[in-house]
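Student: I'd like to ask you about the structure that follows.
The values are calculated or read from the model by the stated rules, or taken from the named source; none is laboratory data. Just so you know, these numbers come straight off a predicted model, no measurement behind them. Cβ placement follows ideal geometry from the backbone for every residue including glycine, while neighbour counts extend to all protein chains displayed.
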């Protein structure tokens, strides 16, 4: 009988079938076969695609493993298989398959697993990355430049990595379905924002002008504050927190590992305005104090430089935003304008057609941009850098939108939360105890929900690998 078997790297997959003949019809590279005879003795042999292996006596079961995960095809039976792929030739492919893989910073990992019968593979990404076979190193890897296309015909596994530290591999918790409730405790009153720190297993949030910490495993245990005199929101990027505040008032960052507090830009005269940062730590800060209006842009390493403010139609500038591709958006209550050269020049402004809220822009891991209307009851989405907008979602009440580093979108409205991992095409919804103002997908196998009444609920989570650089993959399959 012919069997299609999915092999996981380093793990044996057993078939409880009796017979005297074994054929490996299709396999990528060498596979190991463990054969258990009728007298319970076992032995192993290594085979490649097209090889057959007869036994003098009947065997009870066979198990297969490989160094790389792959889909294989084997024949197990009392009679030999007359067909052999060594005597056949595949011309072209029967179908094309498109998808995405992820390339991570540091150690090479499998971008595309081995697959029998596969033809040409085409790879491309918006950033530089490296590819190679098993055992690849930075010296032996092939560099694929951003925006270029790389093709290779192989059935073997393709390994990949990047040299961008922001492409780190993460294991992030996503809510298990059905949702499994653990517990809920009153931990804070008036808190907002919610982040998990894997460095010391803590939860971080803002409350009454301070950045506070609690134990993630024992939420009722309060720890020392990270900072006081904090204005408006806090943001986490990698192992750093960014916020506006302190004494003297400044745009600041705290390293969660070392605890170092760094001033990025002093706020002479006041604390007004808007600021934003992307995953690569590109900053944009709109400073407003009375008649003084200024714009600062930079990466936090070489300092922030002042740029000319664009003219934006509307009553006043309400916010600024930086997308992960480096685009800078400034918006009023009705219009937006975008720069792609760090604020040196600005494109034509766009009338979005609805009333915008303060600091109401977000972006996801695919580069789509979202914004909320003045009442926060509607969310709009743009996939062409803000040139046009479509209604993404609406509700009778306020919608809280969270686009987490785990590549999931969470919407919270009333006592309901729903999340999507495909950009909002499909949703999974679950009920919670009370109104939600924060969610956190942690790396410790727990999903956290912060409620308006100050309680924190914990739910069981599935650990999912996230992060890294998205690589487009097209394969010829047969």
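Student: Six or more apart or on different chains, Cβ atoms under 9 Å: show the pairs whose first residue is in region 129-142 and outside the structural domain of residue 106 (by TED's automatic domain parsing) and under 15 Å from residue 104 (Cα atoms) and whose second is outside any loop (DSSP other than H, G, I, E, B) and modelled with pLDDT of 90 or more.
Tutor: Final answer for the pair search is none.
Student: Looking only at strands (runs of 3 or more DSSP E) that lie completely in region 372-478, which have at least 2 residues being touching a helix residue (DSSP H, G or I) at 6+ places or on another chain (Cβ under 9 Å), modelled with pLDDT under 75 and closer than 21 Å to residue 207 by Cα?
Tutor: none
Student: Among the residues of region 104-114, is there at least one that is modelled with pLDDT under 85, assigned to a strand (DSSP E or B) and either surrounded by 16 or more Cβ atoms within 10 Å (Cβ to Cβ) or touching a strand residue (DSSP E or B) at 6+ places or on another chain (Cβ under 7 Å) (or both)?
Tutor: Yes, region 104-114 has at least one match.
Student: A further question on this structure: Looking at residue 58 and the list (1) more than 21 Å from residue 155 (Cβ to Cβ); (2) surrounded by 14 or more Cβ atoms within 10 Å (Cβ to Cβ), which single condition is not satisfied?
Tutor: Just one mismatch for residue 58, condition (2).
Student: Looking for whichever is in a loop (DSSP other than H, G, I, E, B) and crowded, with 17+ Cβ neighbours inside 10 Å here; the options are 219, 248. Which one fits?
Tutor: Every option except 219 fails the conditions.
Student: Strands (runs of 3 or more DSSP E) wholly in region 255-297 with at least 2 residues that are buried (at least 20 other Cβ atoms within 10 Å of the Cβ) and modelled with pLDDT of 75 or more - which ones?
Tutor: In region 255-297, the matching strands (runs of 3 or more DSSP E) lie at 273-277, 283-289.
Student: Is it the case that residue 141 is under 27 Å from residue 5 (Cα atoms) and either in contact with a helix residue (DSSP H, G or I) (Cβ under 7 Å, 6 or more places away or on another chain) or surrounded by 15 or more Cβ atoms within 10 Å (Cβ to Cβ) (or both)?
Tutor: no
Student: Follow-up. Just one of the numbered conditions (1) at positive phi; (2) modelled with pLDDT of 85 or more; (3) surrounded by fewer than 17 Cβ atoms within 10 Å (Cβ to Cβ) is not true of residue 343; which one?
Tutor: So residue 343 meets the others, but not (3).
Student: Residue 248 fails exactly one of the following numbered conditions: (1) out of contact with any strand residue (DSSP E or B) (no Cβ under 7 Å at 6 or more places or on another chain); (2) free of Cβ contacts under 8 Å to residues at least 40 places away in the same chain. What is the number of that condition?
Tutor: (1)
Student: Given the options 90, 121, name the one that is over 21 Å from the mean Cα position of the chain (by Cα), at pLDDT 85 or above and under 30 Å from residue 15 (Cβ atoms).
Tutor: 121
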